[in-house]
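Working notes for the structure below.
Bear in mind that the values in this text are calculations on the coordinates, not laboratory data. Computed from a predicted structure; not experimentally measured. A quick note on method: Cβ atoms are made from the backbone with ideal geometry, for glycine too, and the neighbour counts reach across all protein chains shown.
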Amino acid sequence: MDLSNLKPAAGSTKSKKRIGRGPGSGLGGTSTRGHKGAKSRSGYKNKIGFEGGQMPLQRRLPKFGFKNINRVEYKAINLDTIQALAESKKLEKVDIAALVDAGYISEKQLVKILGKGTLTVKLEVEAHAFSKSAEAAITAAGGTVVKL
């Protein structure tokens, strides 16, 4: 076997249908397009969502809601996550850099600390926002809260 006698497997390839090549081919006449109508003409393109002139779905449905351009999106991190991070890496200070290193956030994200879980270690926690319960839990454990 060499490159000069390679062939595809038997029955795996088919020849293309040659339409519009006269009545003897069996595919002449209308060339498989049927009779009349826009789809039988050359240059036909259908618009996405076109329903034959019926009012399309995207125009039948009402518009509602809006996007607040002033919304501030925070990445939520709970106290139990911070507790686990501090224990595993033996940290006294949990800041944005520590959270990025641990893979919890990307550098551009804003962080809000939430109060789910318990905190037993004395920590200095830096974040952009804190819930009241999280702030209370951190100070109760003897730590400090730094808002960026």
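When a/c reaches 1.5 or more, the comparison of a/b and b/c decides; with that in mind, is region 74-147 rounded, prolate or oblate per its Cα gyration tensor?
oblate
Net charge around G26, counting only other residues with Cβ within less than 12 Å of its Cβ (Lys, Arg = +1; Asp, Glu = -1)?
+3
Assuming 0.36 nm per residue, please report the length gained on full extension of the stretch S106 to L148 beyond their Cα-Cα distance.
Length gained, S106 through L148: 13.5 nm.
When only Cα pairs under 8 Å and 6 or more residues apart are kept, what is the percent relative contact order across region 74-147?
33
Could you check the simple spin-label distance between S40 and K67, using points 7 Å along Cα→Cβ, in nm with one decimal?
Between S40 and K67, the label points sit 4.6 nm apart.
Report, ordered by chain and residue number, the lysines lying within cross-link reach of K39, taken as a straight Cα distance under 24 Å and ignoring same-chain residues fewer than 8 apart.
Those lysines meeting the cut-off are K16, K17, K47.
Can you tell me the 0 to 90 degree angle between the C-alpha axis of helix 79-89 and the longest principal axis of the chain, rounded to 10?
That helix lies at roughly 80 degrees to the long axis.
Given R₀ = 41 Å, FRET efficiency for R60-K16 by Cβ-Cβ distance, to 0.05?
Once rounded, the FRET efficiency stands at 0.50.
Give the cross-link partners of K122 among the aspartates and glutamates, using a straight C-alpha distance below 18 Å as the criterion and excluding same-chain residues fewer than 8 apart.
In chain and number order, the partners are D80, E87, E92, D95, E135.
Contour minus end-to-end for V121 and S25, with contour as 0.36 nm per residue of separation and end-to-end as the Cα-Cα distance?
26.1 nm is the gain from fully extending V121 to S25.
How big is region 29-93 in terms of Cα radius of gyration and Dmax, in angstroms?
29.0, 83
Can you list the HN-Hα couplings for region 131-148, worked out from phi with the Karplus curve (6.51, -1.76, 1.60; θ = phi - 60°), rounded to whole Hz and with x for Gly and Pro?
Ordered by residue, 3J(HN,Hα) equals 7, 4, 5, 5, 4, 5, 5, 5, 5, 5, 7, x, x, 10, 10, 10, 8, 8 Hz.
Where both residues lie in the chain, what percent of DSSP beta bridges are antiparallel, nearest 5?
Percentage antiparallel, nearest 5: 5.
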